[in-house]
Every structure is written in C-alpha cells, then in structure tokens.
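Right, one structure below, let's go through it.
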Amino acid sequence: MRWWGRPAMGTSRSSPPSAPAVGDDGARAGRALRTLAGASVIIWSFRLSGYLTLGPWLAVPVVALGLAGLLAIIAAWLPDSVIGSRGQRRADWTVLVAVLAALALWSYFQILTSPDYGTDEIAFDQYAAQLALHGINPYLHSMAAAFPEFHVSPNGYTFRLNGQPVTALSYPALAFEAYLPLLALGVTTQAAVWMDVAAWALGAVILFAALPRRLAPLVAVIASLDVYIGYAVGGITDCLFVPLLVGAAVRWDRFATSRGLAAWRGPVLLGLAMAVKQTPWLVAPFVVAGIALESRQRAGWRQGLRDGLRYAGIAIAAFGVPNAPYLLTAPGAWLRGVLAPFSAQTVPAGQGLISLSLSLPVGGGSLRAYTVTAAVVLVAAIACYLATYPVLKPAAFLVPSVVLFFAARSFGSYLVMLIPAAIAAAATVSLRPEAACWRHWRWVVIGGAAACAAAVTVALTAASPLDVLIQSVRTTGQLATVEQLNLAVTNNTAAAIQPAFTVQDGTTTTAFWRRQQGPAVLGPHQRARYVIVAPSYFAMPSISSGFQVLAFSQGPPSVSRTGAYVASRWRLVLRPATISQPVARGQDFTVRAEIVDRLDAPVRAAEVPVYLGQVIYAQRGLQFSQAVVNQGQQGQTPVQALTNADGVATFTIHSPVGGANPVYFEANLVRPGLFYPYGYSPILAVRFRS
C-alpha cells in the first residue's frame, strides 16, 4: 500500500514519478511538433474568421477549429500512460484532417472573392485539357484564348524579352491531363484550382503516412504555411507533382533490393512527376546516381549500373505514357512545348540570385551567364553528390532547388515545392555511418565551389548595356498610380539595342509598357529620350510604394534597370481623424493636416503647401461640394495652405448648405517641379445638417 507523502518502493523524493512524462529529447521534439500542429489549427480558425460576413455559418468551424487546436496542444503534452501511442496517433490524424478541412473552406472563400485565374500556367493547362477533351492537340494550338476565358490579368502573363507574351503550351502532358477527370464530369468552373488544392492535400496525407510517427505532426504545419496554400489556390500548378514526388521519395534508396510493386513505385511516380512539370527533371540524375551507388556497394559496379539504368528506364517509360499521344502525332510541336522554358527567352524573375540584377546595379549584362551559372552549379552539385555519397543522400530531392536558385528564372515555387519530397526522402532513407566518401572528395568539393564562384562572378559583373534614368512621371491624381514615364536612356555598348520596357513593383513585373516616343532601336553609344505609357490599369504602379523601370533586350539577352523611384517618404494625416456628429450649417470647424514620415513621426517642415480637396461621393456618382475652406469660394477645391514650423497646415471649414450626403475631405502634397500629387491623407467624412 502507498500512502500520501511516502515515496513508492524503488523511488526517491529527489526523482518524482512525473519526470518520465516528458521523456528524452526526441520525445520532447515530437511533442513540440504536435504543439506547432495544434497552433496551426488555431491559425486556420483566425484565417476563416475573416470571411464570417460572407458566410455566417463559418462561425461553427471557426469555433470548432479554435477549440480543437487548444485541445491538440494539451494532448501533445499528456503523459504516454494517459493518452498512449495509439491515442496520440489518432490525435495527429485528427489535427491533419482539421487542417485539410480548413484548407478546403479557405480555398472556397479565396475563389469566391478572387475568381480570376492568377497565372497563365493554370489557365493554359485547363484550356489545354478542354482542347484535349475535344480531340484537339493543344501543342498545335495557341493558348492565347485562355487569357480572356479565365480572366488572367496581364501581370500574370509570361513575357519574352521582346515584350510579347508566351502563348504556347510549355509543360508536359500530365500538367493538363490531370484536369481531365473533373472536366469529363462536367466540372469546368475553377476545375484547375480545385484539382491543385486536392493535389496539395493528397501530398500532405501521403507525407503524413510515410513519415515516422514522431515526425508526422510536422505535416500539419507544412500544409498550413502561407506560401504553400497561396500557391495551391493562386494558380501555381507545381502542387500537381507534390504527391507523386513525395511517393517517389519514400525509401527511394531501396529500389535495388525491393521486389514486386514496391520496386516499381519509386520510378513510376518520379516519371509521372516529371510528366507534370520540368522541375522534377532535375531530381532524376541525383536519384538514379544514388541508386547506382547503393547497388554498387552491395553487388559491384556492373550491377550498380544495371540497377541505375533499370530505374531510369522505368521512369522514362512512365514519363512517356501520358505524353505518348502528343509525342507520336506531333513530335516537333510537343518537343518545342516541353522545352519552351529553356528556349523561349522569357524575362528573368524570381527570388534567387537574379534578384540582385533586377533590383540592384549588379550584373544584368548577360542573362545567358545566369543560365551557364545554373548549368555549372548542376554539374558541380552532381560531382559533389557522387564524391561525398552517402553524405548528401538525404538531400537528393532538395539539391535541385539549390541549382534553380542560380537560374535566370528562380521563382519561389522552384525553391520550396521540392521540400515536402525532400522531407520524405530524408526521413525514410537508410543511413550507414560506416559508409565512407571517396578519398578525393575534398578536391571535388573545392573544385566545384571554385567553378560555381567563377560562374557567379561572371554573372554579377556583366555590366548592363543601358543606363536608364527616370526624368519625370505623370500620375492619375487621386488614384495615386503612375500612367506615363519619361526616360533618358544611354546605350553604353558598341552594338545597336532594341529595348523593351516594363515596371517592377516589389517582386511583381508588370506587362510591358508601350513606347510612345523614342527610337525603336538605340544605336551604339546613342542617348535618347523615351516616353512610355502603361498598357492597362494593372500595369500602373502605386506612386506611394515606389517602383523601378526594367529595360530588356534580346540581342544579347540582358536587363538594365533604373534606381528605385519613390515619390517621397512624407504623407499627411488629418486631425481630427473623424467627426462622428453632424456639423450645423454655417458652423466653423478646424481641420489640421500634419506631415508625417512613413513611421508616423512628425516632420517639422515649414512653408510646405498642402492642398485640401472636397467632393461628394454620391450613390449616382461624384457631386460638387459647397463647403467653404479658409474663406475661399463656395465649393472651391482644392484649397492651399502652408505648413507652420511644426509641419502642420490649418484649414477652417464651414458649409452654407446641408445635405443628405456627407462631404469627403482629403489632403495631399505636390511634388515640386514635377507637379504631381502624392502623400494623400485618409479621407475625412463630414455631414452638414440643414
């Protein structure tokens, strides 16, 4: 019998019985992952709460998810004796199901609020699937009709260096064949988006089932990350290959010793992933080389080569099955389509090394140098992988992302969409501590690093051929966007260049701007003035957030850029910010417009003109207001006042008439010399009583 205050037999007062509840460091890490998974469920509750006005019934899942997340965190730290391994596993599955259910709900409301397709790739793929469903070879057909059909913004196009959009199908056949089942069932509205979301969810389920139980809760966290769910619903079709690539990554190194269906799973799934997009193509050499090395260690070089070739053959056959109808009927068109990303001379973009040349005066004079750099990095990566094997074996599915980091087009999807498969591979391959690297591996690594450094140096030191300077801008006034730019462009080379201009706003490159004035071809060492205008509203950058102009050329492929253009770091705030009670007709009230910086710190600038405008936004359109500002004319707009030493301009206002509609007041600054307005204040709405 055990009494309160008396330790049980075999224990001491210094080691309480509850100590083993948290277990070793590995168990604590597993509990920490489950805590993060529970927190992810709570975050989904927050995300969905933003749509309660569109769907009041969402209050039920919002409440359920919030409570479920809290309970999941509590369950993560319960002693094993209370919940047990089976109970914890069921809890992990429950969390994952909650996350995927929340993803489905969130995706629905994302589509409801923004139904237009966000990228040309998803529009092309669904349009190609529609053509294929009617027996038309999409590789022989222009995809231009997909732009209006799926309401793709021009900023979502892929442009060539000459400013023309790509209108040919640029992916292997499974990229659009994946949508055929839904289309065949008559589901056409948002079919591609829903299939992409379903593919991401399926990839999460496969990854969860494949990972060791201690790591499985990590999947709920990954499946909830903004970057992935944004890609899934936003038109990035890489989600289609995620479940295939995850399945191929699981225990990929056991191909040579597997029998039956297990031996076919890896290469077939990798081949099908390669049939979706070109990104998984770069995974194949690392996996095939790894399988050959695994088999060599067991049965010698000859058997290793046989096993490597057998894996490659199965993968190529699996790749060929969905592509065969188009490869056999129109091989030239199919080949041009799947190789278009490598040959179409599209504009550089992304978050990799190329961002230095797009945003800073670094490199840009040779876009081919980036392609060469990526090729050098690929060769160096394969050489280091072979020489150090099996050290890099767990990273076999992620090394290609490092290669793509150095390419001229290195989008975020290229850098993160291989991570789920890389996790599956790293967690399931067998590691043999006794296996040794090649004795000369250090020389291979040093040589590869030197070659990569040399290639990067060439890419970053190739000077841009053009000097581009923004001389003036023309804005849309209160819309606060830029619709025309005057540029001074100088050709610093001995060759003629045909520039094409576009604008970069943050990481977004707009549709190419139309040249209104300036020579089509800029001669050697020639200087000219260009006037370019925005082709649409979507291409107009905000005057307040800043932008820069990019000038592309096809011969040679290059990019030149201006510095970042920011109108000013000043803006205005009005005090009072609101007037909630109606103001009597004829009664004076005072509004002060204060200059502040971007951090809302006061700017003490005297004698700066501030302009206060007034207008009535009525239900049937704009109406002139009749308020009097600073003893001006009735209805005069705008009215100017100068700031005092504290950077504050004062306006005294009254209205001789009342009305049913409020009067809206807004203050702004004007850029000296260029005379465009900027720094708009928040709007102050005032009702005047009759």
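The values are calculated or read from the model by the stated rules, or taken from the named source; none is laboratory data. The shown structure was predicted, so the numbers you read here are calculated from the model rather than taken from an experiment. Cβ atoms come from the backbone with ideal geometry, glycine included; neighbour counts cover every protein chain shown. All accessible areas refer to the heavy atoms of the entire protein, side chains included, with ligands and DNA or RNA removed. Shrake-Rupley method; radii C 1.70, N 1.55, O 1.52, S 1.80 Å.
For this structure, a couple of remarks:
- Filtered by the rule that a residue be open to solvent by less than 30 Å² (accessible area, probe 1.4 Å) and in contact with a Pro (Cβ under 8 Å, 6 or more places away or on another chain), region 164-183 gives L169, S170, P172, A173, F176.
- Pairs, first of a type in the set (D, E, K, R) in region 21-35, second open to solvent by 30 Å² or more (accessible area, probe 1.4 Å) and at pLDDT 90 or above, C-beta under 6 Å, six or more apart: R31/W77
- Members of region 424-446 found to be part of a helix (DSSP H, G or I) and open to solvent by 40 Å² or more (accessible area, probe 1.4 Å), listed by number: A426, W441, R442, W443, V445, I446
- The helices (runs of 4 or more DSSP H) found wholly in region 263-364 and carrying at least 3 residues that are open to solvent by less than 60 Å² (accessible area, probe 1.4 Å), closer than 30 Å to P465 by Cα and out of contact with any Cys (no Cβ under 8 Å at 6 or more places or on another chain) occupy 354-359.
- The number of residues in region 365-374 being in contact (Cβ under 8 Å) with a residue 40 or more places away in the chain and either within 24 Å of the chain's Cα centre (by Cα) or open to solvent by 70 Å² or more (accessible area, probe 1.4 Å) (or both) comes to 5.
- Unique residue being of a type outside the set (S, T, Y) and in a strand (DSSP E or B) when the list is A567, A551: A551
- Residues within region 44-57 that are part of a helix (DSSP H, G or I) and surrounded by fewer than 19 Cβ atoms within 10 Å (Cβ to Cβ), tallied: 4
- Options A72, A27; residue that is among the small types (G, A, S), closer than 30 Å to P212 by Cβ, open to solvent by less than 60 Å² (accessible area, probe 1.4 Å) and modelled with pLDDT of 85 or more: A72
- Subset of region 97-144 [under 30 Å from T53 (Cβ atoms), in a helix (DSSP H, G or I), open to solvent by 40 Å² or more (accessible area, probe 1.4 Å) and not aromatic (F, W, Y)]: V97, A101, A104, L105, Q110, L112, T113
- Condition check for V82: over 21 Å from I229 (Cβ atoms), without any contact (Cβ under 8 Å) to a residue 40 or more places away in the chain and open to solvent by 60 Å² or more (accessible area, probe 1.4 Å): yes
- Selection count where residues are of a type outside the set (G, A, S) and open to solvent by 50 Å² or more (accessible area, probe 1.4 Å), scope region 206-217: 5
- Test result for V608, among the hydrophobic types (A, V, I, L, M, F, W, C), closer than 22 Å to Q478 by Cβ and over 38 Å from the mean Cα position of the chain (by Cα): yes
- Taking region 169-203 as the range and being closer than 16 Å to L133 by Cα and in a helix (DSSP H, G or I) as the test, the residues that pass are L174, A175, F176, E177, L180, P181, L182, L183, A184, A191, A192.
- Qualifying residue in region 155-163 (condition: within 29 Å of S553 (Cα to Cα), surrounded by fewer than 17 Cβ atoms within 10 Å (Cβ to Cβ) and over 23 Å from the mean Cα position of the chain (by Cα)): yes
- Taking region 634-690 as the region of interest, the strands (runs of 3 or more DSSP E) fully inside it that hold 2 or more residues being surrounded by fewer than 18 Cβ atoms within 10 Å (Cβ to Cβ) and either touching an Asp or Glu at 6+ places or on another chain (Cβ under 6 Å) or not hydroxyl-bearing (S, T, Y) (or both) are 639-642, 648-654.
- Residue match in region 604-622 (condition: farther than 25 Å from E483 by Cα and part of a strand (DSSP E or B)): yes
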